[in-house]
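The values are calculated or read from the model by the stated rules, or taken from the named source; none is laboratory data. Fair warning: this is a prediction, and the values are worked out from it, not measured in the lab. In this analysis, Cβ positions are derived from the backbone assuming ideal geometry, glycine residues included, and neighbour counts consider all displayed protein chains.
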Amino acid sequence: MQPIDKKRALSWYQTMVTIRDFENIIDDKNRAGKLYGTTHLYNGQEAIATAICDQLVTTDLILSTHRNHGHAIAKGTPTYPMFAEIFGKQTGTNGGHGGSMHISDLTVGNVGGNGIVGGNYPVALGLAQAIKMDGSDRLVVCFSGDGATNEGTFHECLNLASIWRLPIIFVVENNQYAMSSDASVMIAGSISERAKNYQMTAFKVDGQDVFAVNDVFRQARQALANGPVLIEAVTYRFKGHSRSDSEQYRTPDEFFNWEDPIKKLREVLLTDYDVSSEEIALIDENIYRQLSMEAETALLDEDAVSPENIWKAVYSD
Ligand SMILES: Cc1ncc(C[n+]2csc(CCOP(=O)(O)OP(=O)(O)O)c2C)c(N)n1
Ligand SMILES: [Mg+2]
(Lines give C-alpha, C1' and ligand atoms only; values in the text may rest on other atoms or scores of the structure.)
(Ligands and ions follow the chains in the order given, each with its own letter.)
Protein backbone atom coordinates (compact mmCIF):
# COMPACT_ATOMS: atom_id res chain seq x y z
CA MET A 1 0.00 0.00 0.00
CA GLN A 2 1.18 3.52 -0.74
CA PRO A 3 1.81 5.76 2.29
CA ILE A 4 -0.93 8.27 3.06
CA ASP A 5 -0.02 11.59 4.58
CA LYS A 6 -1.65 13.03 7.68
CA LYS A 7 -3.54 15.76 5.83
CA ARG A 8 -5.20 13.24 3.56
CA ALA A 9 -6.05 10.82 6.37
CA LEU A 10 -7.60 13.69 8.33
CA SER A 11 -9.62 14.82 5.33
CA TRP A 12 -11.00 11.27 4.97
CA TYR A 13 -11.97 11.39 8.63
CA GLN A 14 -13.78 14.68 8.13
CA THR A 15 -15.69 13.36 5.11
CA MET A 16 -16.67 10.15 6.89
CA VAL A 17 -17.85 11.96 10.02
CA THR A 18 -19.77 14.44 7.85
CA ILE A 19 -21.57 11.56 6.14
CA ARG A 20 -22.31 9.79 9.43
CA ASP A 21 -23.62 12.93 11.14
CA PHE A 22 -25.63 13.95 8.09
CA GLU A 23 -27.32 10.54 8.09
CA ASN A 24 -27.98 10.59 11.83
CA ILE A 25 -29.59 14.01 11.57
CA ILE A 26 -31.73 12.84 8.63
CA ASP A 27 -32.72 9.77 10.67
CA ASP A 28 -33.79 11.97 13.59
CA LYS A 29 -35.76 14.33 11.36
CA ASN A 30 -37.39 11.40 9.59
CA ARG A 31 -38.53 9.91 12.87
CA ALA A 32 -39.80 13.32 13.92
CA GLY A 33 -41.99 13.40 10.80
CA LYS A 34 -40.10 16.25 9.15
CA LEU A 35 -39.58 14.72 5.73
CA TYR A 36 -41.67 13.20 2.98
CA GLY A 37 -41.25 9.66 1.68
CA THR A 38 -38.52 7.40 2.93
CA THR A 39 -34.76 7.59 3.11
CA HIS A 40 -31.93 5.03 2.95
CA LEU A 41 -28.93 5.69 5.14
CA TYR A 42 -25.25 5.02 4.45
CA ASN A 43 -24.14 4.38 8.06
CA GLY A 44 -21.34 1.79 8.10
CA GLN A 45 -20.39 2.24 4.44
CA GLU A 46 -18.70 5.66 4.66
CA ALA A 47 -15.14 4.50 3.90
CA ILE A 48 -16.10 3.38 0.39
CA ALA A 49 -17.48 6.62 -1.05
CA THR A 50 -14.83 8.62 0.82
CA ALA A 51 -11.74 6.77 -0.44
CA ILE A 52 -13.04 6.54 -3.99
CA CYS A 53 -14.37 10.06 -4.54
CA ASP A 54 -11.19 11.48 -3.03
CA GLN A 55 -9.34 10.15 -6.09
CA LEU A 56 -11.74 11.71 -8.59
CA VAL A 57 -11.69 15.17 -10.13
CA THR A 58 -14.80 17.29 -10.64
CA THR A 59 -15.21 16.24 -14.26
CA ASP A 60 -15.21 12.53 -13.42
CA LEU A 61 -18.77 11.32 -13.05
CA ILE A 62 -20.43 9.25 -10.36
CA LEU A 63 -23.78 7.49 -10.42
CA SER A 64 -25.46 6.34 -7.28
CA THR A 65 -28.48 4.48 -5.96
CA HIS A 66 -31.41 4.99 -3.57
CA ARG A 67 -28.67 5.05 -0.84
CA ASN A 68 -26.96 8.09 -2.32
CA HIS A 69 -26.28 10.67 0.41
CA GLY A 70 -22.76 9.42 1.19
CA HIS A 71 -21.69 9.37 -2.44
CA ALA A 72 -23.05 12.88 -2.97
CA ILE A 73 -21.20 14.30 0.04
CA ALA A 74 -17.94 12.56 -0.85
CA LYS A 75 -18.12 13.89 -4.43
CA GLY A 76 -18.49 17.43 -3.10
CA THR A 77 -22.21 18.18 -3.19
CA PRO A 78 -22.79 20.81 -0.48
CA THR A 79 -24.75 19.54 2.50
CA TYR A 80 -27.14 22.49 2.92
CA PRO A 81 -28.99 21.95 -0.40
CA MET A 82 -28.92 18.21 0.29
CA PHE A 83 -30.82 18.72 3.55
CA ALA A 84 -33.18 21.06 1.72
CA GLU A 85 -33.74 18.50 -1.05
CA ILE A 86 -34.55 15.76 1.42
CA PHE A 87 -36.92 18.10 3.29
CA GLY A 88 -38.69 18.94 -0.01
CA LYS A 89 -37.61 22.59 -0.13
CA GLN A 90 -37.14 24.88 -3.12
CA THR A 91 -33.53 25.44 -2.06
CA GLY A 92 -32.74 21.75 -2.55
CA THR A 93 -30.19 20.40 -5.02
CA ASN A 94 -33.08 19.46 -7.30
CA GLY A 95 -35.52 22.14 -6.27
CA GLY A 96 -37.06 19.80 -3.72
CA HIS A 97 -38.70 17.66 -6.42
CA GLY A 98 -36.27 14.72 -6.28
CA GLY A 99 -36.10 13.96 -2.56
CA SER A 100 -33.74 11.63 -0.75
CA MET A 101 -33.24 9.14 -3.60
CA HIS A 102 -32.59 11.68 -6.36
CA ILE A 103 -29.88 14.05 -5.25
CA SER A 104 -27.73 15.21 -8.14
CA ASP A 105 -25.25 18.01 -8.64
CA LEU A 106 -23.74 18.15 -12.10
CA THR A 107 -21.43 21.01 -11.08
CA VAL A 108 -19.36 18.46 -9.11
CA GLY A 109 -19.87 15.48 -11.43
CA ASN A 110 -22.56 13.88 -9.28
CA VAL A 111 -25.03 12.57 -11.85
CA GLY A 112 -27.17 11.38 -8.99
CA GLY A 113 -29.12 8.74 -7.18
CA ASN A 114 -31.64 6.41 -8.76
CA GLY A 115 -34.68 4.80 -7.14
CA ILE A 116 -34.68 1.94 -9.65
CA VAL A 117 -32.41 -0.85 -8.45
CA GLY A 118 -29.96 -1.53 -11.29
CA GLY A 119 -31.25 1.52 -13.14
CA ASN A 120 -27.95 3.36 -13.04
CA TYR A 121 -25.92 0.73 -14.96
CA PRO A 122 -27.31 1.65 -18.42
CA VAL A 123 -26.90 5.35 -17.62
CA ALA A 124 -23.24 4.73 -16.72
CA LEU A 125 -22.81 2.97 -20.05
CA GLY A 126 -24.18 5.93 -22.00
CA LEU A 127 -22.05 8.45 -20.13
CA ALA A 128 -18.91 6.39 -20.57
CA GLN A 129 -19.61 5.91 -24.28
CA ALA A 130 -19.99 9.69 -24.65
CA ILE A 131 -16.69 10.23 -22.81
CA LYS A 132 -14.99 7.70 -25.07
CA MET A 133 -16.37 9.36 -28.19
CA ASP A 134 -15.11 12.72 -26.89
CA GLY A 135 -11.68 11.18 -26.47
CA SER A 136 -11.31 12.66 -22.99
CA ASP A 137 -9.68 10.88 -20.07
CA ARG A 138 -12.61 11.29 -17.67
CA LEU A 139 -14.03 8.23 -16.01
CA VAL A 140 -17.37 7.04 -14.68
CA VAL A 141 -17.79 5.42 -11.28
CA CYS A 142 -21.05 3.51 -10.97
CA PHE A 143 -21.95 2.66 -7.37
CA SER A 144 -24.51 -0.06 -6.74
CA GLY A 145 -25.58 -2.58 -4.13
CA ASP A 146 -25.25 -6.37 -3.93
CA GLY A 147 -28.94 -6.84 -4.70
CA ALA A 148 -28.59 -4.90 -7.94
CA THR A 149 -26.14 -7.48 -9.27
CA ASN A 150 -29.06 -9.91 -9.60
CA GLU A 151 -30.82 -7.53 -12.00
CA GLY A 152 -30.64 -8.17 -15.74
CA THR A 153 -29.19 -4.71 -16.34
CA PHE A 154 -26.06 -5.64 -14.37
CA HIS A 155 -25.26 -8.52 -16.72
CA GLU A 156 -26.27 -6.70 -19.90
CA CYS A 157 -24.22 -3.67 -18.99
CA LEU A 158 -21.12 -5.54 -17.83
CA ASN A 159 -21.13 -7.39 -21.12
CA LEU A 160 -21.49 -4.23 -23.22
CA ALA A 161 -19.05 -2.23 -21.10
CA SER A 162 -16.50 -5.00 -21.57
CA ILE A 163 -16.83 -5.42 -25.34
CA TRP A 164 -16.90 -1.65 -25.83
CA ARG A 165 -13.99 -1.21 -23.37
CA LEU A 166 -15.71 1.66 -21.61
CA PRO A 167 -14.04 3.78 -18.90
CA ILE A 168 -16.26 2.62 -16.04
CA ILE A 169 -15.36 1.40 -12.59
CA PHE A 170 -18.33 -0.48 -11.16
CA VAL A 171 -18.26 -0.32 -7.38
CA VAL A 172 -20.57 -2.86 -5.80
CA GLU A 173 -21.12 -2.23 -2.12
CA ASN A 174 -21.94 -5.64 -0.75
CA ASN A 175 -23.59 -4.58 2.50
CA GLN A 176 -24.90 -8.14 3.00
CA TYR A 177 -28.56 -7.35 2.37
CA ALA A 178 -30.99 -6.25 -0.28
CA MET A 179 -33.88 -5.06 1.87
CA SER A 180 -34.38 -8.26 3.96
CA SER A 181 -32.70 -10.63 1.48
CA ASP A 182 -29.41 -12.06 2.71
CA ALA A 183 -26.69 -11.78 0.04
CA SER A 184 -25.09 -15.05 1.17
CA VAL A 185 -28.14 -17.00 0.00
CA MET A 186 -29.34 -14.73 -2.81
CA ILE A 187 -26.20 -14.50 -4.94
CA ALA A 188 -24.95 -17.53 -6.86
CA GLY A 189 -21.17 -17.49 -6.90
CA SER A 190 -19.53 -14.22 -6.00
CA ILE A 191 -19.98 -10.69 -7.31
CA SER A 192 -16.33 -10.18 -8.19
CA GLU A 193 -16.18 -13.59 -9.94
CA ARG A 194 -19.20 -12.60 -12.02
CA ALA A 195 -17.22 -9.67 -13.42
CA LYS A 196 -14.31 -11.94 -14.30
CA ASN A 197 -16.68 -13.95 -16.51
CA TYR A 198 -17.17 -10.76 -18.52
CA GLN A 199 -13.38 -10.57 -18.91
CA MET A 200 -13.12 -7.61 -16.60
CA THR A 201 -10.48 -6.99 -13.96
CA ALA A 202 -12.16 -7.43 -10.59
CA PHE A 203 -11.15 -6.73 -7.01
CA LYS A 204 -12.63 -7.63 -3.65
CA VAL A 205 -11.82 -5.35 -0.74
CA ASP A 206 -12.63 -4.75 2.92
CA GLY A 207 -15.05 -1.82 2.64
CA GLN A 208 -14.62 -0.95 6.35
CA ASP A 209 -10.98 -0.02 5.79
CA VAL A 210 -10.58 3.35 4.08
CA PHE A 211 -6.89 2.70 3.38
CA ALA A 212 -7.63 -0.61 1.67
CA VAL A 213 -10.41 0.88 -0.46
CA ASN A 214 -8.13 3.75 -1.43
CA ASP A 215 -5.42 1.36 -2.54
CA VAL A 216 -7.73 -0.91 -4.50
CA PHE A 217 -9.26 2.05 -6.32
CA ARG A 218 -5.78 3.25 -7.25
CA GLN A 219 -5.10 -0.18 -8.77
CA ALA A 220 -8.50 -0.19 -10.48
CA ARG A 221 -7.65 3.08 -12.23
CA GLN A 222 -4.49 1.54 -13.58
CA ALA A 223 -6.40 -1.55 -14.76
CA LEU A 224 -8.88 0.71 -16.58
CA ALA A 225 -6.37 0.87 -19.43
CA ASN A 226 -7.48 -2.70 -20.30
CA GLY A 227 -11.23 -2.00 -20.08
CA PRO A 228 -13.86 -1.58 -17.37
CA VAL A 229 -13.18 -2.74 -13.83
CA LEU A 230 -15.33 -3.96 -10.95
CA ILE A 231 -14.67 -3.56 -7.25
CA GLU A 232 -16.68 -5.52 -4.70
CA ALA A 233 -16.43 -3.69 -1.39
CA VAL A 234 -17.51 -5.89 1.49
CA THR A 235 -19.35 -3.80 4.03
CA TYR A 236 -22.28 -3.72 6.45
CA ARG A 237 -25.36 -1.54 6.64
CA PHE A 238 -25.63 -0.40 10.27
CA LYS A 239 -29.16 0.99 9.97
CA GLY A 240 -32.28 -0.72 8.63
CA HIS A 241 -32.95 -0.70 4.89
CA SER A 242 -35.28 2.26 5.32
CA ARG A 243 -37.39 3.69 8.10
CA SER A 244 -40.11 1.05 7.84
CA ASP A 245 -37.64 -1.84 8.28
CA SER A 246 -38.35 -3.84 11.46
CA GLU A 247 -35.05 -5.75 10.91
CA GLN A 248 -36.44 -9.18 11.77
CA TYR A 249 -34.03 -10.81 9.31
CA ARG A 250 -30.96 -10.15 11.48
CA THR A 251 -30.06 -10.44 15.13
CA PRO A 252 -28.99 -7.31 17.03
CA ASP A 253 -25.60 -8.83 17.89
CA GLU A 254 -24.72 -9.40 14.21
CA PHE A 255 -23.73 -5.74 14.22
CA PHE A 256 -20.77 -6.51 16.50
CA ASN A 257 -19.16 -8.77 13.87
CA TRP A 258 -18.42 -5.68 11.82
CA GLU A 259 -15.89 -2.96 12.30
CA ASP A 260 -17.05 0.63 12.35
CA PRO A 261 -14.99 2.31 9.60
CA ILE A 262 -14.94 5.64 11.42
CA LYS A 263 -13.85 4.14 14.71
CA LYS A 264 -11.17 2.19 12.87
CA LEU A 265 -9.81 5.31 11.16
CA ARG A 266 -9.95 7.29 14.41
CA GLU A 267 -7.76 4.68 16.10
CA VAL A 268 -5.25 4.83 13.24
CA LEU A 269 -5.13 8.62 13.46
CA LEU A 270 -4.47 8.48 17.19
CA THR A 271 -1.80 5.81 17.06
CA ASP A 272 -0.04 6.24 13.69
CA TYR A 273 -0.55 9.88 12.81
CA ASP A 274 0.05 11.61 16.10
CA VAL A 275 -3.39 13.23 16.12
CA SER A 276 -4.58 14.05 19.63
CA SER A 277 -7.97 13.06 21.02
CA GLU A 278 -8.62 16.81 21.56
CA GLU A 279 -8.12 17.45 17.82
CA ILE A 280 -10.51 14.63 17.00
CA ALA A 281 -13.09 15.92 19.48
CA LEU A 282 -12.87 19.39 17.95
CA ILE A 283 -13.39 18.06 14.42
CA ASP A 284 -16.36 15.99 15.60
CA GLU A 285 -17.89 18.95 17.43
CA ASN A 286 -17.47 21.41 14.56
CA ILE A 287 -18.95 19.06 11.97
CA TYR A 288 -21.96 18.23 14.12
CA ARG A 289 -22.61 21.86 15.02
CA GLN A 290 -22.41 23.00 11.39
CA LEU A 291 -24.67 20.23 10.08
CA SER A 292 -27.26 20.69 12.83
CA MET A 293 -27.44 24.38 12.04
CA GLU A 294 -27.83 23.72 8.32
CA ALA A 295 -30.61 21.20 8.92
CA GLU A 296 -32.57 23.55 11.20
CA THR A 297 -32.21 26.41 8.71
CA ALA A 298 -33.15 24.28 5.70
CA LEU A 299 -36.31 23.16 7.46
CA LEU A 300 -37.50 26.77 7.47
CA ASP A 301 -37.09 27.19 3.69
CA GLU A 302 -40.03 27.42 1.29
CA ASP A 303 -41.68 24.09 0.42
CA ALA A 304 -41.12 22.96 -3.18
CA VAL A 305 -44.59 21.71 -3.86
CA SER A 306 -47.10 24.48 -4.27
CA PRO A 307 -49.93 24.90 -6.81
CA GLU A 308 -47.79 27.48 -8.66
CA ASN A 309 -44.71 25.36 -9.22
CA ILE A 310 -45.94 21.77 -9.17
CA TRP A 311 -45.45 21.36 -12.95
CA LYS A 312 -42.15 23.24 -13.04
CA ALA A 313 -39.92 20.21 -13.37
CA VAL A 314 -42.34 18.38 -15.66
CA TYR A 315 -42.94 20.71 -18.61
CA SER A 316 -40.57 23.21 -20.20
CA ASP A 317 -41.65 26.79 -20.78
C1 LIG B 1 -36.20 -2.51 -10.09
C2 LIG B 1 -36.49 -2.41 -8.62
N3 LIG B 1 -36.86 -3.51 -7.95
C4 LIG B 1 -37.14 -3.45 -6.63
C5 LIG B 1 -37.03 -2.24 -5.96
C6 LIG B 1 -37.29 -2.18 -4.47
N7 LIG B 1 -36.01 -2.07 -3.76
C8 LIG B 1 -35.56 -0.88 -3.33
S9 LIG B 1 -34.05 -1.00 -2.61
C10 LIG B 1 -34.00 -2.66 -2.84
C11 LIG B 1 -32.83 -3.46 -2.37
C12 LIG B 1 -31.56 -3.10 -3.05
O13 LIG B 1 -30.51 -3.82 -2.48
P14 LIG B 1 -29.02 -3.51 -2.83
O15 LIG B 1 -28.85 -3.40 -4.30
O16 LIG B 1 -28.20 -4.50 -2.13
O17 LIG B 1 -28.78 -2.04 -2.22
P18 LIG B 1 -28.80 -1.58 -0.68
O19 LIG B 1 -30.21 -1.19 -0.36
O20 LIG B 1 -28.35 -2.70 0.15
O21 LIG B 1 -27.89 -0.40 -0.64
C22 LIG B 1 -35.15 -3.11 -3.50
C23 LIG B 1 -35.40 -4.51 -3.84
C24 LIG B 1 -36.65 -1.10 -6.70
N25 LIG B 1 -36.53 0.08 -6.13
N26 LIG B 1 -36.36 -1.21 -8.03
MG1 LIG C 1 -27.26 -4.39 -0.29
**Request:** Determine, yes or no, whether Ile187 is in contact with a Ser or Thr (Cβ under 8 Å, 6 or more places away or on another chain) and of a type outside the set (Ser, Thr, Tyr).
**Result:** yes
**Item:** Residues located in region 176-207, provided they are surrounded by 20 or more Cβ atoms within 10 Å (Cβ to Cβ), more than 16 Å from ligand 1 (Cβ to nearest atom) and either without any contact (Cβ under 8 Å) to a residue 24 or more places away in the chain or within 19 Å of Asn257 (Cα to Cα) (or both)
**Value:** Val205
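Restricting to region 109-133, name every residue that is away from ligand 2 (no atom under 16 Å from the Cβ), in a helix (DSSP H, G or I) and surrounded by 18 or more Cβ atoms within 10 Å (Cβ to Cβ).
Across region 109-133, the qualifying residues are Val123, Ala124, Leu125, Leu127, Ala128, Ile131.
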**Asked** Considering only region 134-157, how many residues are surrounded by 23 or more Cβ atoms within 10 Å (Cβ to Cβ) and away from ligand 2 (no atom under 16 Å from the Cβ)?
**Response** 4
**Request:** Mind listing whichever residues of region 244-278 are surrounded by 16 or more Cβ atoms within 10 Å (Cβ to Cβ) and at pLDDT below 95?
**Result:** Asp245
**Message:** Based on this model, can you work out whether Ala295 counts as at negative phi, assigned to a helix (DSSP H, G or I) and touching a Lys or Arg at 6+ places or on another chain (Cβ under 7 Å)?
**Reply:** yes
**Prompt:** Restricting attention to region 71-78, does a residue exist that is within 13 Å of the chain's Cα centre (by Cα) and surrounded by fewer than 22 Cβ atoms within 10 Å (Cβ to Cβ)?
**Reply:** yes
**Request:** Pick out the one residue from Met1, Met82, Met16 that is in a loop (DSSP other than H, G, I, E, B) and either buried (at least 23 other Cβ atoms within 10 Å of the Cβ) or touching a residue at least 24 places away in the same chain (Cβ under 8 Å) (or both).
**Result:** Met1
**Message:** Condition first: crowded, with 21+ Cβ neighbours inside 10 Å and among the β-branched types (Val, Ile, Thr). Can you find one or more residues in region 21-29 that meet it?
**Reply:** yes
